[in-house]
Every structure is written in C-alpha cells, then in structure tokens.
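J.: Could you have a look at this structure, given as structure tokens, before my questions?
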Amino acid sequence: MPFSFHFGGFQEGFQPGEGAGFTPPPKRPRKARKPIGNAFTRTLINLAVTLAFGLVYFYAELPALNLHAEEFYVFAFLLCAVYCVCAVITSGFQSEGVRGYVGFVKKQCIVPFLIFILLIAAIALGSIASWVVLRAGAYSQLLPIETGDFTAEIEEISYDQIPMLDADSAARLGSRKLGELSDMVSQFEILPNYTQINYQGRPVRVTSLAYGDLIKWFTNRAQGLPAYLIIDMVTQDAEVVRLDEGMKYTPAEHFGRNLYRHLRFHYPTMMFDDPVFEIDDSGVPYWVCSRIVKSIGLFGGTDIHGAVLVNAITGESTYYEEVPNWVDRLYSSDIIMQQYDYYGQYHNGFLNSMFGQRDVTLTTEGWNYIAIDDDVYMYTGITSVTSDQSNIGFILCNQRTKETRFYSIAGATESSAMDSAQSQVQQMRYTATFPLLLNIADQPTYFMALKGDDGLVKMYAMVNVEQYQIVETGQTLAACESNYRQALAHYGLIGAGETGVSGGESHTQDGIIAEIRTAVIDGDTHFYVRLENGVGYLDFNAADVPRAVLLNAGDHIWYDYTLDGAEFPENGLVPATGFRFEGEEAAGQPAA
C-alpha cells in the first residue's frame, strides 16, 4: 500500500520571505557611545595620549627632529594618526563608513589634518627639488676631484707601512686573542666593525669589546667594557688594551648609556652616519659620529659636515666642524663612492648619462685603504660604464678631508688582478684579498695577500696594473717584491740596476770572504759569498752588481745588504746591493 508524507508549513518552491508569514529579524540598533567630558577635557586627553605615544616612540626609535630626515615624517604622521584616533574615541563619534570618519577628522581635528597636508606637500616639493633629473649638475659637484700624477705623487712605501691583513683576517686574529684571555672570553665578545686608522705611525685596525648577552651586560655594566683591541696590519700582532676605567658609552650598552640614544638626546636635530671606533694619540677611545647633511633639496646630496666625538669612557661629547688631525675616518667609503658615481655619471648632464654616455664612469665593486702622510686614504678603481673588464684609472680619497685625486692609468680591474694572482697558485687553492695599489719602481702595482681555507695569510702577490700578465708571488713580502722587480726588468719596464728590494733596512758591514759559489737563476748569474765566521750567504746578483765577478776567497770587503726589518731570511740568502774592497773610497764613507 503506497504511503505519502506531508510536512506542514513547508511548500515546494519555498523562498525566503514567502509563505507561512515569514518576516526577517530586525537589525539591532548600534549602541551609542557617549562623549567623554567636555570639549576641553577631550582635547587634553587626546594631547596626553599623543604625547605619551610620542615619548615612547622617540625613546625607542630615536628619529632625528629634522625636516631633511625621512624618519621625521614617519614620526610626525604617527603622531597625527594617534591624535585623530583618540579624538574619535573620546568624542563618541560613530559612522557607517570611512567617509564619515574622514569628515569628522576634517571638522574636529583640523590642526593635525593641516599638519598632515603640509608634510605631504613638503615631501612632494622636497623630492622634486632633490630630483637628480633636475639637479644633475649639483650632484656632480659633491666630490671635488683633481687630476694627479701617480709616479710623481705616490712614493714607494716602506714595508712597515703596508697593511697586509684584510678585515676578515684581522677579525680572526682578534677573536683568537680574546680567546686567550680567560678573564674576558666568558663575559665579552668583539664588535665586528673594525676601523683602520694610523696609530703612532703604523696602520692598525681597532675595535671595542661588547657584552656577551643581556645577563652579562647586567652583571658587568657598573664597570663598563674593560678593554679594546688593536690589530697591527703589518706585523699581524693582536693586542688587548686594558683600561683603568671601563667604556660605558658604546652601541652595546642599553637605555641611557646606549651610544645612539646618548647622541640623540644631546643632539636631537642632527643626523648621523654609523659611529666608528677610534683612539687618539694617547690611546683614549672615542666614537667618531659623522654628521650627515642633505645639500640638495630636502633629501638629496648626502654629505658630511663635521662630527661629534664621544669619549667612550665618560660620555663627554663635542661637535667639531673641523675634526682633530688624529681622526682618520670622517667620510665613509660608501659616501665617497656614491659621490664619485654622481660625478662620473652626471658631469656631462643627465641626458648624456642615459643616451650618449660620453665619458660616463663608475667606481668598481670594492675598495681598500692605505696610509699616506699619517692619513688614511680610500682607494677604488674607475671603469667606463660601457665596459667592466678594465679600469681607466683610480681615485685616492682622504677619509678625513675628502681631498680626492684621480690618476689616469688604464689597466686591469681589481677582480682581474685577483684572478691572475690566484691562477699562479691554483694548485694550492688560495684566495686573494682585495688588492692595494702601490708604487713599485714607478710602476702602479696591485698588492694582495693570498689566504688558505683556514683564512690565514699564506703568500703575497703583486700584479702590474697596466700589464696584468706580469704576476709574481712570494712567501714573504721581500721575496714577493724581489721576484716582481726581476719580472719588471725581464719585460724591460725597469733597468737591471733597479731590481733591488727597496723596502728593507740597509746595512753596511765588513768581512773576509771564505767561500764563493755561483748559480744562474732566470738568466742572471748570482754569486753566493760566505764570510769567515758568517751565517748564511751574501747574494750578489751580477745584473745589479757587475763587479761581483772580481771577488775571490780571502778578499776583505765592505758590503751593503738589506733585510726586511730585523728578520733574517729563511733561506739563508741575504740580498747584497754592493761592495768595495778594503782601501777603496766609497761615496760618503771613508776607506777602511
């Protein structure tokens, strides 16, 4: 028997709102918010909340209160936004959409609204006034550049002035030295930013210690950081300089003694580059905080105008428009290279940089430092914008005064020179550091260290800039230069008499010849002379000392020789640069 079911109240084709007397539920009315107090009270509350937010934000983020600083506009926009949100809440205002809240702000928050509009206008006008398309000429004049003569102005540097360590090797030596100090290694670490300076006539890298963590800061903050490190770039010696009173103002500090906060509270309107650690001639630690200015429009033409020097121990700070002579690093390499790139691209106008590109040049990727006349100079190569395979010259820029000279020397790029040096020892898989530019026998020469997988320096290399197929290496700096000078003579770039190593210390002594041996090396005859009661042999290269063929056993001679400092050569061969027989007159020296 068939069954059928009928559900009352449900019908086919049922639609909402149809049939069965369906009525949608009414919307619940929004509960109205009551305003807080009167208009004056609400304004005070809004200002108090905005002020509290501003103080907390300023303490945490440290924005410069300067119309040239981009972070100032972020700070101002946030203050305006906080005030407007507070005004909406305290007034009890409610709206169905964004448009209603905007209308409220226009009417009830007229002052922050006008400030917001003015800031937007300032950003727009300032950006246009700083636009490189319109101000290309001003950008190209940020870095005054003079043309120099390399061989006339760059003297051959002595061995005790050539920095043979790069930043990575210096950091390794510093970490190893700190690890030897049981009273420090558990509590402190090393700040990674080493600064290369001239200290007491020698190139060194210096840096400060830092607290190991927050707990170690809390337990050691009363005494401060007890020492800083000096890494000698020539001898590769690392020294921990202990202080009678610890450093209490560093980037590693917290709260009021934090260096950035200390600077901002004392100089709220100044903009600063990253602080660098230096020591004065007496070894007192300072932070050199270069003052940044925007010289083109509101936001363009980044430059340096003086610096604030902060005593790392006491926190005493002074602003100098002309910094003391012991300060070595005022202008960072980034600012110098940026300013040269502006010059290289725009000195013939903006359109030329895009279309004709006549005489458009750029800095190469990398830089290094070298000491000249007690100042530190930054070096980088210059290449044409249309070619990255060769340099057209290079610049040397004084990092304290920004005095910059361009030297027109066409040749290999630094990366090409590094590849050439590595190819000489490819079986050892050494890595070349970024090169220095030296004057060796009036030849512009790239000098670099070759490091092993352990990061330690194993050898040295020299590459001729203009003819980078001339590459020589050596276990020591003296051996490297000696090999390089001989290669220059082989290619006819210098005379045979100029192959002597110039950097060692010259000595004159006398003795009686006990033995003479000869050998031919690279086409040159060498006379190896052993003296009575002597250690090792004197090496007379006949190409440099042709009279060496006259020497005989039993002769009493006065001889000149060079050593790299006080270091006796490992191979026992002392390079001899000349001699005279007993009884002969010598220039500037009486006969024996």
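The values are calculated or read from the model by the stated rules, or taken from the named source; none is laboratory data. Model, not experiment: these values are computed from the prediction. Here the Cβ positions follow ideal geometry from the backbone for every residue, glycine too, while neighbour counts run over all protein chains shown. These area figures cover heavy atoms from the full protein model, side chains too; ligands, DNA and RNA do not enter into them. Shrake-Rupley method; radii C 1.70, N 1.55, O 1.52, S 1.80 Å.
J.: Might you let me know whether segment 186-197 holds any residue that is assigned to a strand (DSSP E or B), within 26 Å of the chain's Cα centre (by Cα) and aromatic (Phe, Trp, Tyr)? Break it down stepwise before answering.
T.: So the first thing to find is which residues in segment 186-197 are assigned to a strand (DSSP E or B), and the list is 188-190, 195-197.
If we keep only those that are within 26 Å of the chain's Cα centre (by Cα) too, we end up with 188-190, 195-197.
So of that shortlist, the ones also aromatic (Phe, Trp, Tyr) come out as 188.
Yes, some residue in segment 186-197 is assigned to a strand (DSSP E or B), within 26 Å of the chain's Cα centre (by Cα) and aromatic (Phe, Trp, Tyr).
J.: Taking only segment 148-166 into account, find how many residues are open to solvent by less than 50 Å² (accessible area, probe 1.4 Å), assigned to a helix (DSSP H, G or I) and at pLDDT 80 or above.
T.: Residues meeting the conditions: 1.
J.: Ok, one more. Applying the selection to segment 349-386, what residues are part of a strand (DSSP E or B), hydroxyl-bearing (Ser, Thr, Tyr) and more than 16 Å from the chain's Cα centre (by Cα)?
T.: Initially, segment 349-386 is screened for residues part of a strand (DSSP E or B), giving 361-363, 368-372, 375-384.
Adding the requirement that they be hydroxyl-bearing (Ser, Thr, Tyr) leaves 361, 363, 369, 377, 379-380, 383-384.
Correct list: Thr361, Thr383, Ser384.
J.: For segment 286-314, name all the residues that are open to solvent by 10 Å² or more (accessible area, probe 1.4 Å) and of a type in the set (Gly, Ala, Ser).
T.: Answer for segment 286-314, where residues must be open to solvent by 10 Å² or more (accessible area, probe 1.4 Å) and of a type in the set (Gly, Ala, Ser): Ser295, Gly297.
J.: Under the condition of being in a helix (DSSP H, G or I) and under 13 Å from Gln469 (Cα atoms), which residue from segment 398-422 is most open to solvent (accessible area, probe 1.4 Å)?
T.: First, the residues of segment 398-422 that are in a helix (DSSP H, G or I): 414-422.
Now restrict to residues that are under 13 Å from Gln469 (Cα atoms): 416-422.
Working: Ser416: 22, Ala417: 0, Met418: 39, Asp419: 95, Ser420: 21, Ala421: 0, Gln422: 52 Å².
Per the criteria, the residue is Asp419.
J.: Find all pairs meeting these conditions: Cβ atoms under 9 angstrom apart; at least six residues apart or on different chains; first residue within segment 420-431 and of a type in the set (D, E, K, R); second residue assigned to a loop (DSSP other than H, G, I, E, B).
T.: Between residues of segment 420-431 that are of a type in the set (D, E, K, R) and residues that are assigned to a loop (DSSP other than H, G, I, E, B), the close pairs are Arg429/Gly452; Arg429/Asp453.
J.: Here is a further query. Consider segment 325-348. How many of its residues are touching a Leu at 6+ places or on another chain (Cβ under 6 Å) and either in a loop (DSSP other than H, G, I, E, B) or of a type in the set (Val, Ile, Thr) (or both)?
T.: Looking only at that region, the number is 0.
J.: Then there is this: Take the conditions at pLDDT below 90 and out of contact with any helix residue (DSSP H, G or I) (no Cβ under 6 Å at 6 or more places or on another chain) and apply them to Leu551. Does it pass? Talk me through it step by step, then tell me what you get.
T.: Numbers: at pLDDT below 90: no; out of contact with any helix residue (DSSP H, G or I) (no Cβ under 6 Å at 6 or more places or on another chain): yes.
Spelling it out, it is not the case that Leu551 is at pLDDT below 90 and out of contact with any helix residue (DSSP H, G or I) (no Cβ under 6 Å at 6 or more places or on another chain).
J.: In segment 168-183, what residues are touching a strand residue (DSSP E or B) at 6+ places or on another chain (Cβ under 7 Å) and either in a strand (DSSP E or B) or aliphatic (A, V, I, L, M) (or both)?
T.: Those that are touching a strand residue (DSSP E or B) at 6+ places or on another chain (Cβ under 7 Å) and either in a strand (DSSP E or B) or aliphatic (A, V, I, L, M) (or both): Ala170, Leu173, Leu178, Leu181.
J.: Can I ask one more? Give the residue, chosen from Val276, Val284, Val310, Val293, that is in contact with a Leu (Cβ under 7 Å, 6 or more places away or on another chain), among the aliphatic types (A, V, I, L, M) and touching a residue at least 12 places away in the same chain (Cβ under 8 Å). Spell out how you get there, then give the answer.
T.: Numbers: Val276 fails: in contact with a Leu (Cβ under 7 Å, 6 or more places away or on another chain); Val284 fails: in contact with a Leu (Cβ under 7 Å, 6 or more places away or on another chain); Val293 fails: in contact with a Leu (Cβ under 7 Å, 6 or more places away or on another chain).
On inspection, the qualifying residue turns out to be Val310.
J.: Within segment 351-366, which residues are within 16 Å of Leu134 (Cα to Cα) and open to solvent by 20 Å² or more (accessible area, probe 1.4 Å)?
T.: Within segment 351-366, Leu351, Asn352, Met354 qualify.
J.: Now a separate question. Kindly provide the set of residues from segment 219-237 that are open to solvent by 20 Å² or more (accessible area, probe 1.4 Å), within 21 Å of Asp280 (Cα to Cα) and at pLDDT 90 or above, ordered by number.
T.: Answer for segment 219-237, where residues must be open to solvent by 20 Å² or more (accessible area, probe 1.4 Å), within 21 Å of Asp280 (Cα to Cα) and at pLDDT 90 or above: just Pro226.
J.: Sticking with this one: Please return the ranges of helices (runs of 4 or more DSSP H) entirely within segment 1-120 where 1 or more residues are open to solvent by 80 Å² or more (accessible area, probe 1.4 Å), β-branched (Val, Ile, Thr) and modelled with pLDDT under 70. Break it down stepwise before answering.
T.: Working: elements: 39-61, 70-91, 98-108.
Counting at least 1 such residues, we get 98-108.
J.: Kindly indicate which of Val240, Val234 is part of a strand (DSSP E or B) and in contact with a strand residue (DSSP E or B) (Cβ under 8 Å, 6 or more places away or on another chain). So that I can check it myself, show each step before the final result.
T.: Numbers: Val234 fails: part of a strand (DSSP E or B).
Just one listed residue meets the conditions, Val240.
J.: Which one of these does Asn325 not meet: (1) within 29 Å of Phe272 (Cα to Cα); (2) buried (at least 17 other Cβ atoms within 10 Å of the Cβ); (3) among the polar types (S, T, N, Q)?
T.: (2)
J.: Could you tell me which of the residues Ala514, Ala548 is surrounded by 13 or more Cβ atoms within 10 Å (Cβ to Cβ) and assigned to a helix (DSSP H, G or I)?
T.: Working: Ala514 fails: assigned to a helix (DSSP H, G or I).
From the options Ala514, Ala548, the qualifying one is Ala548.
J.: Of the residues in segment 518-536, how many are within 21 Å of Asn483 (Cα to Cα), open to solvent by 60 Å² or more (accessible area, probe 1.4 Å) and in a strand (DSSP E or B)? Before you say what the answer is, go through the steps one by one.
T.: Let us first name the residues in segment 518-536 that are within 21 Å of Asn483 (Cα to Cα), namely 518-529, 536.
Going one step further and asking which of them are open to solvent by 60 Å² or more (accessible area, probe 1.4 Å), we end up with 518, 520-523.
If we keep only those that are in a strand (DSSP E or B) as well, we get 518, 520-521.
Selection size over segment 518-536: 3.
J.: Report, by residue number, each residue of segment 440-459 that is in contact (Cβ under 8 Å) with a residue 40 or more places away in the chain and part of a strand (DSSP E or B). Can you show your working first?
T.: In the first step, residues of segment 440-459 are kept if they are in contact (Cβ under 8 Å) with a residue 40 or more places away in the chain; the result is 440-444, 447, 449, 451, 455-457.
Selection gives Ile440, Gln443, Pro444, Phe447, Ala449, Lys451, Val457.
J.: Within segment 47-92, track down each residue that is in contact with a Cys (Cβ under 7 Å, 6 or more places away or on another chain) and of a type outside the set (S, T, N, Q). Spell out the reasoning first.
T.: First, the residues of segment 47-92 that are in contact with a Cys (Cβ under 7 Å, 6 or more places away or on another chain): 49-50, 83-84, 87.
Correct list: Val49, Tyr83, Cys84, Ala87.
J.: If you don't mind, there's one more thing I want to ask. Just for segment 554-592: of the residues that are of a type in the set (S, T, N, Q) and modelled with pLDDT of 55 or more, which one is surrounded by the most Cβ atoms within 10 Å (Cβ to Cβ)? Give the derivation first.
T.: Of segment 554-592, the ones of a type in the set (S, T, N, Q) are 562, 571, 577, 589.
Next cut, modelled with pLDDT of 55 or more only: 562, 571, 577.
Details: Thr562: 18, Asn571: 12, Thr577: 21.
In this case the residue turns out to be Thr577.
J.: Taking into account only those residues within segment 38-57 that are in contact (Cβ under 8 Å) with a residue 24 or more places away in the chain and not hydroxyl-bearing (Ser, Thr, Tyr), which is nearest to Leu298 (Cα to Cα)?
T.: Gly54
J.: Right, Thr383: touching a residue at least 12 places away in the same chain (Cβ under 8 Å) and open to solvent by less than 10 Å² (accessible area, probe 1.4 Å) or not? Don't jump to the end; show me each part of the working.
T.: Numbers: touching a residue at least 12 places away in the same chain (Cβ under 8 Å): yes; open to solvent by less than 10 Å² (accessible area, probe 1.4 Å): no.
No, not satisfied.
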